[in-house]
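A short reminder: the numbers here are calculations on the coordinates, not readings from a lab. These numbers were taken from a predicted model, which means no experiment stands behind them. Please note: Cβ atoms are built from the backbone with ideal geometry, for glycine as well, and neighbour counts cover all protein chains shown.
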Amino acid sequence: MPIAEAVQLPPPVHRLRPRAEATAPILLSPPHLTGEELPALAATLQSGWVAPAGPAPAAFEAALAETTGLPHVLALSSGTAGLHLGYRCLGLERGDEVWTATLTYVATIAPAVQMGARPRFLDVSPESWTLDPELLERELARAARAGRLPRAVVPVDLFGQSCDLDAILALCDRWGVPVLCDSAEGLGATRRGRPAGQGARMAAFSFNGNKIVTAGGGGALASADAALIAEARALAHQAKRPAPHYEHETTGYSYGLSSILASLGLAQLGALPSRVAARRAIFERYRAHLGDLPGIGFMPEPGWSRGTRWLTAVLLDPALGAPSREAAREALAAAGIESRPVWKPMHLQPAFRGAPRSGGTVAAGLFERGLCLPSGSALSVSQQDRVIGLLRGLWRR
Ligand SMILES: *Cc1c(COP(=O)(O)O)cnc(C)c1O
């Protein structure tokens, strides 16, 4: 059975007849195959390494080290596993505070909370939609005076844009607070010419099916510190010490990335530069064809940032004549087009009710008005035109 059928993906756009393409559902960010996946999978199966071990995970790690500029990489079964191991290697303990940007996906903070840590959610900067360094500076100074510095600061790369990691690292270094960067959405992005995540104590990446390149599910933890990644590697494989009978001084997890998925991820990773170019072109086309409408705005890209535009996010302001975010989302959904509100801030999630937060209402405002549009790198011009035409129609009502 062809892979596309087995996983129930819609057929690739180029194989649809024009009529079918005109009505086929459009997804937010579906996987985009390169054609090199099947030969890579076949080679791995034939090699006999049908396990989370062998040359494929090692080759994927080496390629990721190249891409991320972080020399030590551990391939994992998910980005969430990477964050979990990151917290564990930072020695996170029950009752410790972990600070993160409130505008993120739950996976950033879920493992820390499950370990008994107390989250504090910080607002984002309107300049980048990522953790606000000025707010962080004030909060760190205040926490230092009160003797309650966080165990870790976890900035987040958002929708393909790197956080202002240089400013964040400078502040955290001043107080000796380690930075674990959630770069799950940041692969391929740079800030001031440096890859997203590079410079943090550790950075976590994701290869879930919706990310800019996928392993069909997977993640990684990366660092410049070989010892940290060696410790994470042991924990990811049940903390086995080298002994024929398996000796355990502590307990770990079964978080290794299968060879099968690693070979898929490796085949995808080679296409990253072209995927970045495609997503940026899609963003620019949305902006060119929607930017004149009253009350619409686009996620900004500060001068220090060059992102991937993993997701194109627009802001819709009804007070200025735009439809509401929900009206737009529902109209798109009725036409078979998937879109999604900008992440609901963590401080507004019932799971984190009562958690302390710092800063203003930037993230809450972005959630209220922000919508992510179909952004997959295989999105065709005619599919994009369908999204654009439908949205433009909402202004004519
Ligand atoms: C996708 C994502 C993750 C986690 O990735 P998985 O591989 O799905 O576990 C973590 N953080 C953010 C911000 C993400 O978007």
Reciprocal of mean inverse Cα separation for region 217-359 (Kirkwood radius, Å): 20.2
Dimensionless Rg/Rh of region 37-269 - Kirkwood Rh, Rg from C-alpha atoms: 0.99
Positive dipole terminus of region 227-282, leading residue within 238, 252, 272 (C-beta point charges): 272
Charge sum, other residues only, whose C-beta stays under 12 Å from residue 295's C-beta, Lys/Arg counted +1 and Asp/Glu -1: 0
The chain: DSSP helices with Cα axial extent of at least 20 Å and average Kyte-Doolittle hydropathy no lower than 0.0: 381-395
Reduced Cα scattering model of region 310-397, Debye log10 I(q)/I(0), q = 0.24, 0.25 Å⁻¹: -1.20, -1.27
Cα-only Debye scattering, region 17-77: base-10 log of I(q)/I(0) at q = 0.13, 0.20, 0.25, 0.29 Å⁻¹: -0.57, -0.91, -1.12, -1.20
Cα-only Debye scattering, region 282-348: base-10 log of I(q)/I(0) at q = 0.15 Å⁻¹: -0.57
Within-14-Å neighbourhood charge of residue 388 [Cβ basis; K, R +1; D, E -1]: +2
Measure of compaction for region 311-359 (Cα Rg per 2.2 N^0.38 Å): 1.47
Cα-based Rg / Dmax (Å) for region 54-185: 15.0, 50
Nitroxide proxy distance, nm - points 7 Å out along Cα→Cβ at residue 20 and residue 127: 4.9
Mean Cβ neighbour count within 10 Å, used as a protection proxy, ranking 238-247, 134-143, 279-288 highest first: 279-288, 134-143, 238-247
Rh (Kirkwood; distinct C-alpha pairs) - region 215-294, Å: 16.3
Projected-area mean, the chain, by convex hull of Cα positions, square nanometres: 20.6
Overall Cα dimensions of region 249-314 - principal axes, largest extent first, Å: 61, 29, 21
Residue among 53, 98, 116 farthest towards the positive dipole end of region 37-269, charges placed on Cβ: 116
